[in-house]
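The values are calculated or read from the model by the stated rules, or taken from the named source; none is laboratory data. As the structure is a prediction and not an experimental result, all values here were calculated from the model. No Cβ is skipped: glycine too gets one built from the backbone with ideal geometry, and neighbour counts run over all protein chains shown.
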């Protein structure tokens, strides 16, 4: 695969077929001002919130993500696709798709779009239940949402693996 043809998938089974064995995945919650980052273990079972990147410009953001990918030996990205509640796609989806195209032109890594509807709501609810202060919630909400996105994909991957055995 050359960087110009790095695959971007909507089908998780096709994505799985492209992943190197025993490599973690990285989940991204792409916002206008921040990028939430989560990483899983090599067995692809548990997503862990990692950090929130304050967005600057694409090149700077991409360089930080590339460093995180290299540091964690990441084999694929799960990128939250912010569909509208009716399933349609608006400007935020177009922006996310453009980010994926631009990023895979730089780095040869499979990318899966994952429906992220309500991931931020779930993250907010979990943080409220944990009695996190408003300030703390603001600091961590994006990478907690990224972990919800990644965990949803991991749960689906586990289901696919169970069906294969």
Task: Filter result for residue 99 (modelled with pLDDT of 95 or more and farther than 24 Å from residue 42 by Cβ) - done: yes
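For every residue, the table says whether it meets (1) at pLDDT 95 or above; (2) touching a strand residue (DSSP E or B) at 6+ places or on another chain (Cβ under 7 Å); (3) closer than 15 Å to residue 161 by Cβ.
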residue: 2; (1), (2), (3): no, no, no
residue: 16; (1), (2), (3): no, no, yes
residue: 25; (1), (2), (3): yes, yes, yes
residue: 28; (1), (2), (3): yes, yes, no
residue: 40; (1), (2), (3): yes, yes, yes
residue: 47; (1), (2), (3): yes, yes, no
residue: 59; (1), (2), (3): yes, no, no
residue: 62; (1), (2), (3): yes, no, no
Task: Among the candidates 83, 106, 92, 97, residue that is in contact with a strand residue (DSSP E or B) (Cβ under 7 Å, 6 or more places away or on another chain) and surrounded by 12 or more Cβ atoms within 10 Å (Cβ to Cβ) - done: 83
Open item on the list: in contact with a strand residue (DSSP E or B) (Cβ under 9 Å, 6 or more places away or on another chain), within 27 Å of residue 159 (Cβ to Cβ) and free of Cβ contacts under 8 Å to residues at least 12 places away in the same chain: is that true of residue 116 in this structure?
Closed with: no
Open item on the list: I'd like the full set of residues that are in a helix (DSSP H, G or I), modelled with pLDDT under 85 and more than 17 Å from the chain's Cα centre (by Cα), limited to the range 125-161.
Closed with: 125, 126, 127, 128, 129, 134, 135, 136, 137, 138, 139, 161
Task: Test for residue 7: is it more than 14 Å from residue 114 (Cβ to Cβ), buried (at least 19 other Cβ atoms within 10 Å of the Cβ) and either out of contact with any helix residue (DSSP H, G or I) (no Cβ under 6 Å at 6 or more places or on another chain) or at pLDDT below 95 (or both) - done: no
